[in-house]
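Computed from the coordinates by the stated procedures, all read-outs in this text should not be read as laboratory data. Note that the structure is predicted; figures quoted are calculated from it, not measured. Cβ: placed from backbone, ideal geometry, glycine included. Neighbour counts: every protein chain shown.
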Amino acid sequence: MPRNPSTPRTRRTLAPATRMMGYGYDPALSEGALKCPVFLTSTFVFRTAEQGKDFFALAYGLRPPRDGEKQGLIYSRLNNPDLEILEDRLTLWDDAEAGAVFASGMAAISTTLLEFAQPGDFVLTSSPIYGGTDHLTEKVLPKFGIRPLKFLAGSSPAEIQALIDRSKARGKIAAVLVETPANPTNRLVDIAACAEIAKRNAPKGRIAPLIVDNTYLGPVFQQPLHHGADLVVYSATKFLGGHSDLIAGAVLGSRELVGRVKALRTFFGCMCGPWTGWLLMRSLETLKLRMTQSQENARQVADFLAAHPAVDRVHYLGHLREGDPQWGLYQRQCKGPGSMISFEVKGGEAEAFRVLNALRVIHLAVSLGGTESLASHPASMTHADIPADRQLQVGITPTLVRLSVGVEDAGDLIADLGQALSKASAKRGPAAAAKSKRGKRRAR
């Protein structure tokens, strides 16, 4: 199917939200079924031994592909109709040439980094970044001789280059991995500037791809490939799946680079299964509707939080204004503020916990991008593995609450936050109050 089909009469280019309904699938190949069936099979039957030989020759790179040729169906660890159709559809919003799906977002990130990094290399990453990715780069990759080098989200290109020069990592940067907006602070990273840094510091004779984790804002509101990224990665569990009922990941980009990642995926065996692939295809049909409604709800929730006396600060892209250091970058890079909000409760961890424990409509759970609203405490949950001093350095305070706004009624979400925030400064029980008084007397 052509990348940009148009209707014969109008020559109108169809939008991703329209093409998502059937792109890459031919009902005639499946008894006319409107929706793609679930291909629950581990292996595929060859018509002849010669066909099997030919399929394996292409799979192992023993011959080049013929014009327009796709890999024949062999075994679901290599390919499966549900995954192939899903990978085609995933390319639409990001305008990518190719895609690869994985069993999780971490499988996508780790496989991608291990394809491009070698012992002795550095991986340059923004910070803060998702806690699992931080652990991977800080604790796991060093076991393979691959070292992390981190810069603070919002740093200037000159500051990032100075960091590389000071660390003597110039010429050893195997990949640049950034998450923008940053999880959980919503700080933006300049994708175009990082693309230049990646090119300038790549090892001789090698590419150092710029890999952008676009999970936090999602493909509807940001397309990193348009700003110079080589690859974009997702935890497809989040907005792409959008119903908190599956775990998956994805990598999108050029055919060449995605092809390299797919080759390693084959031998790691970390692709997702056909049922997960089918669920993702279902979810992609409503991606724009869900993300647009969640974003509208988030605008109202963020405005409410910013005006609440128990809230010290709100981190939300929709509140950036002209004159803010990140305003220009937001205007260039983002198509909307999305539905992720972080806010700091006045007080300390106890006050933040009091708010979280009082929520009734919003669920106390990690993850994000689902139809339901979720709240969590990054410092003690998703980013607990990061030392306390580094948490503070990157903006993860004990009072920070992360909020993923869903598609519920915005008024109900605001009412729930209002009653929960009223508990933030509520008096503790008699025993706690008495203990506090005794402590004060001793202090005197």
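So here's what we get for this one:
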{"item": "On Cα atoms only, tilt of 410-421 relative to the major axis of the chain in degrees", "result": "40 degrees"}
{"item": "Within the chain, helix-based [θ] at 222 nm, where runs of 4 or more DSSP H residues each add -39,500 (n - 2.57), nearest 500", "result": "-11000 deg cm²/dmol"}
{"item": "Over region 84-163: Rg over Rh, Cα atoms, Kirkwood Rh", "result": "1.04"}
{"item": "Order by protection proxy (mean Cβ within 10 Å, highest first), peptides 83-90, 121-128", "result": "121-128, 83-90"}
{"item": "Residue exposure sequence - Glu69, Glu344 - by fewest surrounding Cβ within 10 Å", "result": "Glu69, Glu344"}
{"item": "Whole-percent pair-distance distribution, where bins are 10 Å wide, for the alpha carbons of region 200-341", "result": "10, 31, 33, 19, 7, 1"}
{"item": "Residue (of Ala103, Leu163, Thr397) at the positive-pole extreme of the chain, dipole from beta-carbon charges", "result": "Thr397"}
{"item": "Directionally averaged shadow of region 288-421, computed from the convex hull of its alpha-carbon atoms, nm²", "result": "8.2 nm²"}
{"item": "Within the chain, percent of DSSP bridges classed antiparallel, to nearest 5", "result": "55 percent"}
{"item": "Positive-end extreme of charge dipole, region 218-325 - chosen from Cys272, Gly228, Ser294 (charges on Cβ)", "result": "Cys272"}
{"item": "Virtual paramagnetic centre 7 Å along Cα→Cβ of Arg282, amide N under 17 Å, in region 80-107", "result": "82-83, 86"}
{"item": "Ascending count of other beta-carbon atoms within 10 Å, so fewest first, for Arg166, Arg282, Arg147", "result": "Arg166, Arg282, Arg147"}
{"item": "Which listed pairs, of Lys139/Lys238; Lys53/Lys262; Lys172/Lys262; Lys53/Lys172, have C-alpha distances above 30 Å, in listed order", "result": "Lys53/Lys172"}
{"item": "Förster-model FRET efficiency, 60 Å R0, Arg170 and Glu31, C-beta, rounded to 0.05", "result": "0.55"}
{"item": "For the chain, size of Cβ-based charge dipole, Lys and Arg +1, Asp and Glu -1, in debye", "result": "1480 debye"}
{"item": "Sequence ranges 188-199, 310-321, ranked by mean other-Cβ count within 10 angstrom, highest first", "result": "188-199, 310-321"}
{"item": "Length-normalised contact order of the chain in % [C-alpha pairs under 8 Å, at least 6 apart]", "result": "15 percent"}
{"item": "Relative counts (whole %) of C-alpha pair distances in the chain, using bins that are 10 Å wide", "result": "4, 20, 28, 24, 15, 6, 2, 1, 0, 0"}
{"item": "Alpha-carbon Debye profile of region 288-365, log10 I(q)/I(0) at 0.25 Å⁻¹", "result": "-1.25"}
{"item": "Convex hull volume per residue in cubic angstrom - Cα atoms of region 1-102", "result": "142 Å³"}
